[in-house]
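**Q** Could you have a look at this structure, given as structure tokens, before my questions?
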Amino acid sequence: MDFSNKNVLITGGSRGIGRAVAIAFAKEGARVAIVFRSNRKAAAATLELLQGTGHTALQADLAIASEAERAVDETLAEFKRLDIVVNNAGIGIYHPLESTSFEDWQTAWRKTLDTNLLGPANVCFCAARHMIASGGGRIVNITSRGAFRGEPTKPAYGASKAALNSLTQSLAVALAPHKIFVGAVAPGFVNTELTADRLNGPEGEEIRAQSPFNRVAEPEEVAHAVLFLASTGAEFCSGTIIDVNGASYLRS
């Protein structure tokens, strides 16, 4: 895949899946802007790993609408053009119904939806307005296996990702006349810093056994699916949701 002369904005780009996506795009010639919420050290470390020049990192809390708008505006000020957006930033807060107070339940839902749904929606809005004016682009949203199978201990997370799938498909239809192609990648468990404790703990064996490959995905495998959806030749896959879960959950 050749992404030479392409400008890419990746939210949640400092660690895990976002870092792998940034590395993959840079390796294929793209200029990359990563958005991070607070971990400046991780963002700097990711920039050091990117091949090529001209990459940048922006700090923004995408749960705040004005910050999402600023992230897109600052990327455009730096790059002048935005070709590809990857909405990867997200959170997962445990809030089992049986053991969570009503106050904490409300907090979990509000924070999760603000970050996992409204944040990407606002980034999509701001980026798509520019892409319409510039003649087209690509948007790829990172959702989750949990959007389909449910998340009993994190119901807001599952609901937010299901809604992001729906947003992806709505935008795929709405933006197709403007040559903007929108897709989603829905991973299962991925081997990242955020999942390391669970994968290395008592749950690890059961988690790996969910897939007939008896392992979880590597971030680079998710990145591969993202680059496919963003690549030239994948335009007629607009509206597609690609599962990257090692056949751990099959949907019809």
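All of the numbers you see were taken from the coordinates with simple rules; none came from a lab. Computed from a prediction, not measured in an experiment: that's the story for all the values here. Cβ atoms come from the backbone with ideal geometry, glycine included; neighbour counts cover every protein chain shown.
**Q** Under a 5 Å amide H to amide H cut-off, with H placed in plane at 1.01 Å, what residues pair with R138 once short-range neighbours are removed?
**A** So R138 has HN proximity to I84, V85, F181.
**Q** Continuing with the same structure: Kindly flag which residue pairs out of K41/K80; K27/K111; K27/K80; K27/K154; K80/K154 have an alpha-carbon separation exceeding 32 Å in this structure.
**A** Violating the 32 Å Cα-Cα cut-off are K27/K111; K27/K154; K80/K154.
**Q** Can you compute 3J(HN,Hα) from phi for each residue in the stretch 196-213, using the Karplus curve 6.51 cos²θ - 1.76 cosθ + 1.60 with θ = phi - 60°, rounded to whole Hz and x for Gly and Pro?
**A** Working through the residues one at a time gives 4, 4, 6, 5, 8, x, x, 6, x, 4, 5, 4, 5, 6, 4, 9, x, 7 Hz.
**Q** Once every DSSP H run of n ≥ 4 in the chain is given -39500 (n - 2.57) and the sum is divided by its residues, what mean residue ellipticity at 222 nm do you get, rounded to the nearest 500 deg cm²/dmol?
**A** On the way: 10 runs with 113 residues, N = 252.
Roughly -13500 deg cm²/dmol at 222 nm, from the helical runs in the chain.
**Q** Something else about it: List every residue whose amide H lies under 5 Å from the amide H of A186, counting only residues 5 or more places away in sequence or on a different chain, with H placed 1.01 Å from N in the peptide plane.
**A** T143, I242, D243, V244
**Q** What's the Cα-based Rg to Rh of the stretch 53-181, Rh via Kirkwood?
**A** 1.03
**Q** In a shell of Cβ-Cβ distance under 15 Å around A42, excluding A42 itself, what net charge do Lys and Arg (+1) and Asp and Glu (-1) give?
**A** Neighbour charge sum, excluding A42 itself: +3.
**Q** Trypsin sites (Lys or Arg not before Pro), restricted to the stretch 199-252: which are DSSP loop and have at most 14 other Cβ atoms within 10 Å? Walk me through the numbers before you get to the answer.
**A** Working: sites: R208, R215, R251; in loops: R215, R251.
Answer in residue order: R251.
**Q** Also, I was wondering about something else. Taking the Cβ of each residue in S134, S252 as the centre, tally the other Cβ atoms inside 10 Å and list the residues starting with the fewest.
**A** Least crowded to most crowded, the residues run S252, S134.
**Q** Another question, if that's okay. Can you list the residues, at least 5 places off or on another chain, whose amide H is less than 5 Å from the amide H of A33, using H built in the peptide plane?
**A** V8, L9, I10, T56
**Q** Which longest uninterrupted range of the chain lacks any GluC sites (Glu not before Pro) assigned by DSSP to a loop state (not H, G, I, E or B) and surrounded by at most 15 other Cβ atoms within 10 Å?
**A** Answer from the scan: 1-192.
**Q** Placing unit charges on C-beta atoms (Lys and Arg positive, Asp and Glu negative, everything else neutral), compute the dipole magnitude of the chain about its Cα centre in debye, rounded to 20.
**A** Values: 24 positive and 25 negative charges, 90 e Å.
Around 440 debye, computed over the chain.
**Q** Using the Cα atoms of the stretch 1-69 to build a convex hull, what is its mean projected area in square nanometres?
**A** 4.4 nm²
**Q** Starting from the Cα gyration tensor of the stretch 93-252, take the square roots of the eigenvalues, sort them a ≥ b ≥ c, and report rounded, prolate or oblate (rounded when a/c is under 1.5, otherwise prolate if a/b is larger than b/c, else oblate).
**A** Working: a/c = 2.43, a/b = 1.39, b/c = 1.75.
Judged from the Cα gyration tensor, the stretch 93-252 comes out oblate (a/c at least 1.5, b/c at or above a/b).
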